[in-house]
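Report on the structure given below.
Quick note: the coordinates plus some simple rules give every number you see, no bench work behind them. No experiment lies behind these values; they were computed from the predicted model shown.
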Amino acid sequence: MPPPFSGLSFPPDLITLAGKNAFIMKDTISQIEERIRSAGALKDDNRAELLDLLGQLRSQIGALSKTNQEQAQSIAGFAGVSAHEATREEKNPKSLKHSILGLESSVHNLEQSHPQLVGVVNRIATMLSNMGI
C-alpha cells in the first residue's frame, strides 16, 4: 500500500512554512534553556531538573507538532513566558500565576492523545510555581 499523499506535491511555500514553524518552536525552547542556564535566581538542582524537563518538552512538542502545529506553538510560547516570569530577579506573583495558568491550559484536552506531554507540562508548571513562592 503506498504511503498517504504519495504522488502529491505541495507548494514550496507550505513546506517552507512548516519548516519555519518547527524551527521557531525549537528556537523558543532553546531560548528558554538559555534563560534557565543563565538565571542567577535558580538553585543548581532546580536548574538541572528544569533543563531535563525542557529536553522532554522539546521531544513531546516535536511529536505533537506533526499533528497539531498551532497547539505545539502555543505550549512552547506559554512555557517561555512562564520560565521568564519564574526566573525574573524581581518576581511578579500575579504575572507568574497567569503565565502558569496559560501553560496548563495550553495542554487542556490532550490528556488522552498526549499523556506524556501533559505530564511534562504539569511538572514544569508545578516547579515554576513553587519557585515563585
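Structural remarks
- Gyration tensor verdict on region 12-131 (Cα atoms; rounded if a/c is under 1.5, prolate if a/b is larger than b/c, oblate otherwise): prolate
- Net length gained if the chain between residue 116 and residue 94 were fully extended (0.36 nm per residue, minus Cα distance): 5.1 nm
- Extended-chain gain in nm, criterion 0.36 nm per residue less alpha-carbon gap, residue 52 and residue 66: 2.8 nm
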